[in-house]
Amino acid sequence: MYKSFFGLRVAPFNVNPDPRFLYMTQGVREALSSLSYGIYNRKGIVLLTGEVGTGKTTVLNKLLEWLHRVHFSTAFVFNPRLSIMDFFDVMMADFGIACESREKGQRLLRLNEWLLARHRAGQSAVLIVDEAQGLSTELLEELRLLTNVETFTQKLLQIVLCGQPELDVKLKDPQLRQLRQRIMVRCDMRPLSLPETHSYINERLRRAGANGSPIFNNDAIEAIARYSCGIPRVVNLLCEHALIGAFADQQRPISAGTVYAVAQEFDLDTIPALSPIPWSGGERVLGERLRAVASAGRKGPEATLDMSNPRKI
């Protein structure tokens, strides 16, 4: 609808976790490097956490691109609210492991045989669990036990747990202390700083076909940073609806007033703004504010990292 008016080939601010639009902030680079390091060096369990909307699933999709490129076998479980047997069904189906038996012991034996065969062939297997804060304590313990499949020197199954900060809280449960001790690599997704928000918006516009002529003025981008609190999903929401509103008004570049109108529509203007603005790059944002912004945003991610050689990561 608005693409031709702004000279764009594609919509730049879809909220889908498209790795083609992943913007490589320092935090994203650190997360990808930590994840790939933990997997490539067979550390067993790797943990990725971050607030709602900070781009965790987009990072996982980028990681999957690399894993497929270097011929790792992968299983991606995106719905954690499963029984133990249903979880095994999903995991084994995604790995491509056939097992007719419904008995847990037989499934574990088949998985063990498959992992050993992969190991003998010099190949690796990675299980990625998104929204892992929703896993039950019993299922988290089952995942820990899966890491017992190992040789004297290597874990045969690498596990990536990805979730919201509630996952960190859950892992502090004394019942999960053995699992917590086995997490060898941890990384965290942070909100965008004000300069990163500027670069994020401009880079997504460039990838969508923008020719360099301003689409958002500086005041509009600062308003987006303020109302989004640096959460990429909410940045996308504000930008998308600002583009629609500006097209309706035949306005270019987009002004802060248009952004404010979108923020009002999604109740983002009622959430107390952070102070001061802009934030320093290392400043941590209050969790309550982030969750409020992300919740409001639900009423309605970037330069390619060369991961072809994991030794360089």
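The values are calculated or read from the model by the stated rules, or taken from the named source; none is laboratory data. Note that the structure is a prediction, hence the values are computed from the model and not measured. Don't worry about glycine lacking a Cβ; one is built from the backbone with ideal geometry, like all the others, and counts go over all protein chains shown. For accessibility, only protein heavy atoms count, side chains too; no ligands or nucleic acids. Shrake-Rupley method; radii C 1.70, N 1.55, O 1.52, S 1.80 Å.
A simple rule links phi to the HN-Hα coupling: the Karplus curve 6.51 cos²θ - 1.76 cosθ + 1.60 with θ = phi - 60°, which for region 140-146 gives 4, 5, 4, 5, 4, 5, 5 Hz, with x for Gly and Pro.
Taking a point 7 Å from the Cα of residue 116 along the Cα-to-Cβ direction, the residues of region 151-179 with backbone N closer than 19 Å to it are 151-158.
Residue separation of residue 136 and residue 90 scaled by 0.36 nm, minus their Cα-Cα distance, works out to 15.0 nm of gained length. Among the chymotrypsin sites (Phe, Trp or Tyr not before Pro) within region 15-83, those in coil by DSSP and having at most 15 neighbouring Cβ atoms inside 10 Å are 78.
Carbon and sulfur atoms: what percent of the 1.4 Å accessible area of the chain do they account for?
Values: 7180 of 14520 Å².
Exposed carbon and sulfur together represent 49 percent of the surface.
Think of the chain as having a plus end and a minus end, set by charges on the Cβ of Lys, Arg, Asp and Glu; of 192, 128, 7, 128 sits farthest toward the positive end of this dipole.
Rounded, prolate or oblate for the chain? Axes are the square roots of the Cα gyration tensor eigenvalues, ordered a ≥ b ≥ c, and the cut-off for rounded is a/c under 1.5. Prolate, because a/c is 1.5 or more and a/b exceeds b/c. Where both bridge residues fall in the chain, DSSP classifies roughly 5% of the beta bridges as antiparallel. Residues in the chain average 46 Å² of solvent-accessible surface per residue, probe 1.4 Å, ligands and nucleic acids excluded. Legend: distances between Cα atoms for 43/172; 104/170; 62/170; 56/172; 3/62; pairs beyond 24 Å are 104/170; 62/170; 3/62.
Within region 73-138, list the GluC sites (Glu not before Pro) lying in a DSSP loop whose Cβ has at most 14 other Cβ atoms in a 10 Å radius.
On the way: sites: 100, 103, 113, 131, 138; in loops: 100, 103, 131.
Sparse-neighbourhood loop GluC sites (Glu not before Pro): 100, 103.
First select every other residue whose beta carbon is under 10 angstrom from the beta carbon of residue 76; then total the charges, Lys and Arg +1, Asp and Glu -1. Surrounding charge for residue 76 is -2. Summarising the amide proton neighbourhood of residue 160: residues at separation of 5 or more, or on other chains, whose placed amide H is nearer than 5 Å comprise 46, 127, 128, 129.
Sorting 152, 5 on solvent-accessible area from highest to lowest, probe radius 1.4 Å, gives 152, 5.
So if each residue of separation counts as 0.36 nm, and I subtract the Cα-Cα distance between residue 176 and residue 270, what length gain in nm does that give? Don't skip to the answer; put the middle values down first.
Values: separation 94, 0.36 × 94 = 33.84 nm, distance 3.89 nm.
Residue separation times 0.36 nm, minus the Cα-Cα distance, leaves 29.9 nm.
Would you mind getting me the FRET efficiency between residue 151 and residue 29? Use the beta-carbon distance for r and R0 = 35 Å, nearest 0.05.
Details: r = 32 Å, r/R0 = 0.90.
Using R0 = 35 Å, I get an efficiency of 0.65.
In whole angstrom, how far apart do the alpha carbon centroids of region 7-74 and region 186-229 sit? Value for the Cα centre distance between the two parts: 19 Å. Residue separation of residue 78 and residue 37 scaled by 0.36 nm, minus their Cα-Cα distance, works out to 12.5 nm of gained length.
Which value at 222 nm does the chain reach when only helices count, each DSSP H run of 4 or more adding -39,500 (n - 2.57), with the total divided by all residues and rounded to the nearest 500 deg cm²/dmol? Provide the component values of the computation, followed by the final result.
Numbers: 13 runs with 148 residues, N = 313.
Theoretical 222 nm ellipticity from helices: -14500 deg cm²/dmol.
The calculated pair-distance distribution of region 3-60 uses every alpha carbon pair, bins of 5 angstrom beginning at 0, and gives 4, 15, 22, 19, 15, 10, 7, 4, 2, 1, 0 percent.
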